[in-house]
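Working notes, structure below.
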Amino acid sequence: MAEYYNYIKSLHLIFVVTWFAGLFYIPRLFVYQIEAFAKPSPDKEILGEQLKIMAKRLWLIITWPSAILATIFAVLLLIIQPVWLQQGWMHVKLTFVVLLFAYHLKTHHIFKQLQQDVVKWTSNQMRLWNEGATIILFSVVFLVILKNSINWIFGVLGIFVLAIILMLGFKIYKRYRTREPKK
């Protein structure tokens, strides 16, 4: 199986990319669904149904299969290179992978609620939720590239700085969206 290592690694990366694409876009669709839910009829029903279809296709046809395939190819890579399981950076990476699955499963829960017209989040809360996948992605990329117990700490600290910058950007954007238009 070692002769197929680069093919397996390539497939793993492809499905990680498509998985994250789904995780980045689905909360955005949730924002639109939540905002459509507050619109008057018939806009509420028309937009709501279309956004449900879009979310369902993205989630069930792209995001879930990508998560499963990325995981299968990751396990195959660990079978080929079991020495990685003895390295500290891999332990930390696998912790972030567990967090990624927790994020994915919570997002699935939100998906199921919105498919049933149950709205428990505001659009602003969903915009913040959308940043969770970004933080996990940055953490994992730094860990995989740096593979060093000390350097990954700086990478993760950089991620928290990025999170703070994103939150500040979010607040500025919120102010911009809610201000009165000039006449």
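The values are calculated or read from the model by the stated rules, or taken from the named source; none is laboratory data. Please read these numbers as outputs of a predicted model, since none were measured by experiment. Cβ atoms come from the backbone with ideal geometry, glycine included; neighbour counts cover every protein chain shown.
Tell me yes or no: at least one residue of the stretch 89-98 is within 28 Å of Ala2 (Cβ to Cβ), at pLDDT 95 or above and either of a type in the set (Ser, Thr, Tyr) or in contact with a Gly (Cβ under 7 Å, 6 or more places away or on another chain) (or both). No, the stretch 89-98 has no match at all. For first residues located in the stretch 160-178 and under 26 Å from Phe142 (Cβ atoms), partners that are among the hydroxyl-bearing types (Ser, Thr, Tyr) and lie 6+ apart or on another chain with Cβ distances below 9 Å form the pairs Leu162/Thr134; Ala163/Thr134; Leu166/Thr134. Apart from one condition, Ile61 fits all of (1) surrounded by 12 or more Cβ atoms within 10 Å (Cβ to Cβ); (2) β-branched (Val, Ile, Thr); (3) under 14 Å from Phe20 (Cα atoms); the exception is (1). So in the stretch 68-89, with the set limited to residues that are of a type outside the set (S, T, N, Q) and without any contact (Cβ under 8 Å) to a residue 12 or more places away in the chain, which one is farthest from Trp19 (Cα to Cα)? Per the stated criteria, the residue is Val83. Each residue in the stretch 118-135 was checked for being closer than 26 Å to Lys52 by Cβ and either touching a Gly at 6+ places or on another chain (Cβ under 7 Å) or of a type in the set (A, V, I, L, M, F, W, C) (or both), and 7 of them qualify. Just checking, which of Val17, Val31 is among the β-branched types (Val, Ile, Thr) and either under 19 Å from Phe101 (Cβ atoms) or surrounded by fewer than 14 Cβ atoms within 10 Å (Cβ to Cβ) (or both)? Exactly one of Val17, Val31 is among the β-branched types (Val, Ile, Thr) and either under 19 Å from Phe101 (Cβ atoms) or surrounded by fewer than 14 Cβ atoms within 10 Å (Cβ to Cβ) (or both), namely Val17.
Taking Ala55, is it touching a His at 6+ places or on another chain (Cβ under 8 Å) and touching a residue at least 40 places away in the same chain (Cβ under 8 Å)? Can you show your working first?
Values: touching a His at 6+ places or on another chain (Cβ under 8 Å): no; touching a residue at least 40 places away in the same chain (Cβ under 8 Å): yes.
For Ala55, the condition - touching a His at 6+ places or on another chain (Cβ under 8 Å) and touching a residue at least 40 places away in the same chain (Cβ under 8 Å) - is not met.
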